[in-house]
Amino acid sequence: MGLRATKELLSGDVLFSEPPFAAVVFDSLADKICHSCFRRQDKLQRCGQCKFAQYCDKTCQSAGWKEHKLECGAIKAFGAIGDNFGKAPNENIRLAARIMWRLDKEGGVMSDMQMTSLDDLENHISDMPEDDLKELKVDIHNFLDYWPRNSKQHRVDDISHIFGVINCNGFTVSDQRGLNAVGVGLFPNLCLVNHDCWPNCTVILNHGNQSAVNTVYHSQMRIELRALGKIEPGEEVTVSYVDFLNVTEDRQRQLKMHYFFDCTCEHCKGHIKDDLKMGGKEVDGVKVPEEQVKEVTEYSLQMLQKMDKARMEGNYHEVIKICRECMEKQEPVLADTHIYQLRMWSTASEVLAYLQFIDEAADYARKMVDGYNKLYHPCNAHLGMATMRAGVTHWQAGKIEVGHGMICKAYAILQRTHGPTHPITKDLEAMRMQTEMELRMFRENEYIYKSMREAALKNQPMNMMNEPMAESVKNLFRRQKK
């Protein structure tokens with residue numbers, strides 16, 4: 001199965017938008033994310049019955065009640081059973097139950113715009129390795145404990161099919177910033193779009209609007225499939241299931257393990273850009289010896305594992321110590337497009353900004369974006385978001401010319417990938433106007449601009465950056481963690 005364009009499409013055009021058939025918040029973020037709009041909030045209101053679901057306010061709770069109504073009693077009952085006392089079932093079980101309740105009530109096709117039924121989607125259960133099959137059996141056992149006796153009962157084969165569909169088609173849901181994965185959902189039409197490592201479309205989550213006083217103006221959370229460039233009639237529509245910032249071998253392994261197919265796209269067949277992603281530095285036409293590049297690459301991989309562990313533990317000063325130690329060995333040897341060096345620069349810039357070492361954070365952010373520009377598609381959403389973050393960091397560091405340039409470039413990318421009405425694009429437009437005004441002031445009188453900026457920072461210190469998150473949105477679909 002797959003989808004093809006029926007007419008000519010241009011960059012930024014929306015091919016279709018689709019609300020989730022069902023979606024749930026990750027277990028690990030259940031008390032930090034609104035279970036209705038999937039926005040991250042400092043203070044959430046807990047459901048008074050199940051004590052599990054959390055909402056921004058009464059508006060979100062009312063909007064989410066249709067899906068939570070049956071779930072609420074089931075979670076409460078599940079948490080009263082023996083070893084499950086006080087617990088809720090995992091995200092896959094909660095999502096499967098929401099899907100089954102909706103199927104029972106409304107059937108498998110929700111509207112004329114839905115191009116496939118859930119019955120027709122692949123579950124790949126026959127392709128699963130033994131360990132995954134064991135986990136599937138555990139999930140089904142727990143699902144049967146969770147599923148209410150007064151709801152319609154289903155055959156185990158039907159339940160297994162839904163879990164299989166979730167396993168290979170569960171879409172990663174992001175928070176309102178668009179950077180961090182916070183949940184998983186099922187979008188039937190999206191499941192029909194095939195993979196290409198260098199795709200002609202991108203998928204963006206639009207959280208909609210539930211904040212208007214009048215519910216008439218509320219809009220639903222939905223995904224939007226947008227063209228990245230010109231698409232001819234009859235051309236297949238594709239998206240990337242995995243992040244291109246991996247070498248061919250790693251992408252192939254991920255696709256085979258998670259989605260059970262071998263990619264035969266041009267970038268995989270030609271190993272395009274693999275030489276840049278694992279390359280050594282070249283100085284005055286002389287390349288660093290391959291043996292030295294290999295040695296530093298292996299060392300970098302070990303340090304990345306240490307860094308990830310420290311980051312997960314929230315030990316950010318240790319993260320920076322590891323980054324600096326590793327980058328000292330990387331920079332004389334590895335190319336500025338080497339993916340392990342890019343990961344170090346990315347993490348260092350984000351964590352240093354959080355710790356308020358803004359100037360140093362800006363330097364690493366610039367290096368990261370320069371490398372990304374040589375690897376990613378020019379309209380890649382990850383490139384746009386990274387460029388936005390780098391632009392904001394430069395702006396905060398007082399490097400207004402570079403900051404404004406990056407923000408303008410990010411705005412041009414996100415206009416196409418997210419659209420002009422997306423909240424992130426609107427925020428970026430406000431930043432662009434602000435930095436443009438500051439840049440004019442800077443060019444008219446640099447001394448006065450810097451004096452005013454210093455005085456403003458003394459009176460109102462810069463806000464702390466958001467805490468770095470361990471799970472960023474990189475892959476399109478998401479499987480349950482082992």
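The values are calculated or read from the model by the stated rules, or taken from the named source; none is laboratory data. No experiment lies behind these values; they were computed from the predicted model shown. No Cβ is skipped: glycine too gets one built from the backbone with ideal geometry, and neighbour counts run over all protein chains shown. For accessibility, only protein heavy atoms count, side chains too; no ligands or nucleic acids. Shrake-Rupley method; radii C 1.70, N 1.55, O 1.52, S 1.80 Å.
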Q: Output the number of residues of region 84-133 satisfying the condition of being among the polar types (S, T, N, Q) and closer than 17 Å to PRO19 by Cβ.
A: 4
Q.
Yes or no: region 364-381 includes at least one residue that is touching a strand residue (DSSP E or B) at 6+ places or on another chain (Cβ under 9 Å), assigned to a helix (DSSP H, G or I), surrounded by 17 or more Cβ atoms within 10 Å (Cβ to Cβ) and in contact (Cβ under 8 Å) with a residue 24 or more places away in the chain.
A. yes
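Which of the residues belonging to region 411-422 are open to solvent by less than 50 Å² (accessible area, probe 1.4 Å) and either over 18 Å from GLY229 (Cβ atoms) or more than 18 Å from the chain's Cα centre (by Cα) (or both)?
The first filter runs over region 411-422 and keeps only residues open to solvent by less than 50 Å² (accessible area, probe 1.4 Å), leaving 411, 413-414, 417-419, 422.
Selection gives TYR411, HIS422.
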Q: Six or more apart or on different chains, Cβ under 6 Å: which pairs go from a residue in region 39-58 that's free of Cβ contacts under 8 Å to residues at least 60 places away in the same chain to one that's surrounded by 14 or more Cβ atoms within 10 Å (Cβ to Cβ) and of a type in the set (Gly, Ala, Ser)? Could you list them?
A: CYS47/ALA53; PHE52/ALA88; TYR55/SER36
Q: Report yes if some residue within region 97-104 is part of a loop (DSSP other than H, G, I, E, B), more than 25 Å from HIS207 (Cβ to Cβ), open to solvent by 20 Å² or more (accessible area, probe 1.4 Å) and at pLDDT below 95; otherwise report no.
A: no
Q. Where residues in region 309-354 are part of a loop (DSSP other than H, G, I, E, B) and within 21 Å of ARG389 (Cβ to Cβ), which of them is most open to solvent (accessible area, probe 1.4 Å)?
A. ASP336
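If you go through region 65-87 one residue at a time, do you hit one that is free of Cβ contacts under 8 Å to residues at least 24 places away in the same chain, hydrophobic (A, V, I, L, M, F, W, C), part of a helix (DSSP H, G or I) and open to solvent by 20 Å² or more (accessible area, probe 1.4 Å)? Break it down into steps so the answer makes sense when it comes.
So in region 65-87, the residues free of Cβ contacts under 8 Å to residues at least 24 places away in the same chain come out as 65-66, 69, 80, 82-83, 85-87.
Next, only the ones that are hydrophobic (A, V, I, L, M, F, W, C) stay: 65, 80, 85.
Adding the requirement that they be part of a helix (DSSP H, G or I) leaves 65.
Subset that is open to solvent by 20 Å² or more (accessible area, probe 1.4 Å): 65.
Yes; the residues of region 65-87 include at least one that is free of Cβ contacts under 8 Å to residues at least 24 places away in the same chain, hydrophobic (A, V, I, L, M, F, W, C), part of a helix (DSSP H, G or I) and open to solvent by 20 Å² or more (accessible area, probe 1.4 Å).
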Q: Could you check, for region 12-34, whether at least one of its residues is surrounded by 16 or more Cβ atoms within 10 Å (Cβ to Cβ), among the charged types (D, E, K, R) and over 30 Å from VAL138 (Cβ atoms)?
A: yes
Q: Specify which of the listed residues (SER11, SER62, SER111) is more than 16 Å from GLY185 (Cβ to Cβ), part of a helix (DSSP H, G or I) and out of contact with any Ser or Thr (no Cβ under 6 Å at 6 or more places or on another chain).
A: SER62
